[in-house]
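Right, one structure below, let's go through it.
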Amino acid sequence: MTDVIGKATNRRLQKRKLPAHAWSDRQERAFLDMLAATCNVVRSCKQAKVDHRSAYRRRRENPVFASAWRAAILTGYERLEEQLLAQLAAPHPFEEDGIDEVPPPAGAFDAKLAMELLRMHRATVENRPQTPRGRVVRVSRDEAEAALNKKLDALAKRLAEERGDQP
């Protein structure tokens, strides 16, 4: 880390290293800019040359940074949505020939990764609390039965449509 000058009160100024988890203003700006561009925390940390664990700690401990992080995610989410829509609207050059096994050029937009990032950040955009992966969320018996019945009704409706049955 870079050196900083310690505050002095009736003593000589001291030069010292920043702690490993401390960020400079430039690192914070680089991180937030890349996060707004990609919604990818690890990539943003590499761009800012900081450890991803320190990014999450900083977000947890610093409400101003947490707010800036959220704003960057919202911006990045909108950009990813726009890029996906542009990909869907763009004509594919090989559609007429029936050849669609041509690999995309290097550095092309990765729609699968974009969809994964959108899925990961949906709770942030919808302002819902995020649940860690693998964590079981307990619901009441009535809520579970209602959700199950809703899915069963949708399945029955789809099967009826496939068979051509009248509802």
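A short reminder: the numbers here are calculations on the coordinates, not readings from a lab. Since the model is a prediction, treat every value here as computed from it, not as a measurement. Here the Cβ positions follow ideal geometry from the backbone for every residue, glycine too, while neighbour counts run over all protein chains shown.
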- Query: Got a sec to turn the phi values of the stretch 67-72 into Karplus ³J(HN,Hα) couplings, 6.51 cos²θ - 1.76 cosθ + 1.60 with θ = phi - 60°, whole Hz, x for Gly and Pro?
  - Reply: 5, 5, 4, 4, 4, 5
- Query: Once the Cβ-Cβ distance between Glu143 and Leu113 is put in as r, and R0 is 35 Å, what FRET efficiency do you end up with, to the nearest 0.05?
  - Reply: 0.55
